[in-house]
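These notes are about the structure you will find just below.
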Amino acid sequence: MSHPRGPDRRTVLRGAALTTGATLLGGAALLGPASPAAAAPTVHARAAWGARPPSSPIQVLANPPLHIVVHHTATANSTDHSLEHALALSRSIQNHHMDSNGWSDAGQQLTISRGGHVMEGRDRTLPAVAAGQHVVGAHVANNNSTCIGIENEGTYTAQGPTQPLRDSLVETLAWLCAAYGLNPQTAILGHRDFNATACPGDVLYAMLPELRNAVSGVLRARGVEVSGRPVPEDLRPSYPDVPDAPWREFDHGPAHGPDDITR
């Protein structure tokens with residue numbers, strides 16, 4: 001099924017956007033909303049990893065995202081699980097996205113290292129989640145206005161993620177589902193569900209049902225009931241064919257397209 005593209009959809013999304021200036025968060029780490037239901041894992045803000053300021057204003061949509069997209073970074077499965085390595089990974093991703101791809105900032109909203117460290121990616125992500133808003137990134141082509149993305153360090157075509165990464169991913173997904181009122185069973189998807197890519201790798205993609213169930217369990221334990229909002233047909237995943245070719249480091253599939261309102 002092809003993904004619908006048209007000026008009406010783009011016009012509506014642009015109309016919902018709030019264009020804001022770049023703001024660097026001052027703390028080394030920032031937690032999400034204070035509500036226990038939306039309790040965040042420890043998230044290392046951009047200041048902690050020395051993020052560069054965006055090259056142009058970051059766009060924030062008043063409406064929350066409809067989907068949470070799981071990625072892998074298409075990098076080596078590092079055995080360095082230190083925080084220092086995780087912060088360096090964030091710098092490397094941002095440098096590649098800005099200098100090689102020509103984007104305004106890191107494309108993803110959040111990054112999780114193989115050591116389980118969670119980092120803020122694109123500028124203003126943490127304040128936006130706390131406010132129920134959506135920072136528009138560049139990580140899933142033609143769907144960035146409706147999808148928040150999590151980059152998981154490694155390449156998961158033949159092996160799975162570490163236990164610390166898996167545990168942090170569940171906590172991060174539960175936080176986002178609670179903050180945005182999303183149903184884990186329908187909202188948590190892989191990059192390949194929207195674009196022709198092998199991302200997040202066969203092994204991590206096969207784990208998505210388990211992750212959805214784990215997140216649902218976390219939300220039940222916290223007394224969170226989420227049914228999810230209806231998703232218009234033209235904003236649902238298109239499930240294209242998965243290509244065989246591997247992607248280069250940090251380049252794991254289509255991340256920006258003509259339907260996107262930012263870069």
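The values are calculated or read from the model by the stated rules, or taken from the named source; none is laboratory data. Here the structure is a predicted model, which is why all the values come from computation and not from measurement. Reconstructed Cβ throughout: ideal geometry from the backbone, glycine too, with neighbour counts over all protein chains shown.
Which of the residues belonging to the range 68-103 are surrounded by 22 or more Cβ atoms within 10 Å (Cβ to Cβ) and either of a type in the set (Val, Ile, Thr) or within 20 Å of Ala141 (Cβ to Cβ) (or both)? Ile68, Val69, Val70, His71, His72, Thr73, Ala74, Ile93, Gln94, His97, Trp103, listed by residue number. Condition check: among the charged types (D, E, K, R), in contact with a Lys or Arg (Cβ under 7 Å, 6 or more places away or on another chain) and at pLDDT below 95. Does Asp234 satisfy that? So Asp234 passes the test.
Every test in (1) of a type in the set (S, T, N, Q); (2) touching a helix residue (DSSP H, G or I) at 6+ places or on another chain (Cβ under 6 Å); (3) surrounded by 24 or more Cβ atoms within 10 Å (Cβ to Cβ) is passed by Thr146 save one, and that test is (3). Being out of contact with any strand residue (DSSP E or B) (no Cβ under 6 Å at 6 or more places or on another chain) and not in a loop (DSSP other than H, G, I, E, B) is a property that does not hold for Asp260. For the range 115-133, filtering for residues that are assigned to a loop (DSSP other than H, G, I, E, B) and surrounded by fewer than 24 Cβ atoms within 10 Å (Cβ to Cβ) leaves 5.
Based on what the data block shows, is Val203 at pLDDT 95 or above, touching a helix residue (DSSP H, G or I) at 6+ places or on another chain (Cβ under 8 Å), aliphatic (A, V, I, L, M) and outside any loop (DSSP other than H, G, I, E, B)?
Details: at pLDDT 95 or above: yes; touching a helix residue (DSSP H, G or I) at 6+ places or on another chain (Cβ under 8 Å): no; aliphatic (A, V, I, L, M): yes; outside any loop (DSSP other than H, G, I, E, B): yes.
So Val203 does not fit the description; no.
Within the range 220-248, residues that are part of a helix (DSSP H, G or I) have Cβ atoms under 7 Å from residues that are surrounded by 15 or more Cβ atoms within 10 Å (Cβ to Cβ) and at pLDDT 95 or above in these pairs: Leu235/Leu66; Leu235/Thr146, counting only partners at least 6 apart in sequence or on another chain. Screening Pro209 against (1) within 22 Å of Ala128 (Cα to Cα); (2) assigned to a helix (DSSP H, G or I) leaves a single unmet condition, (1).
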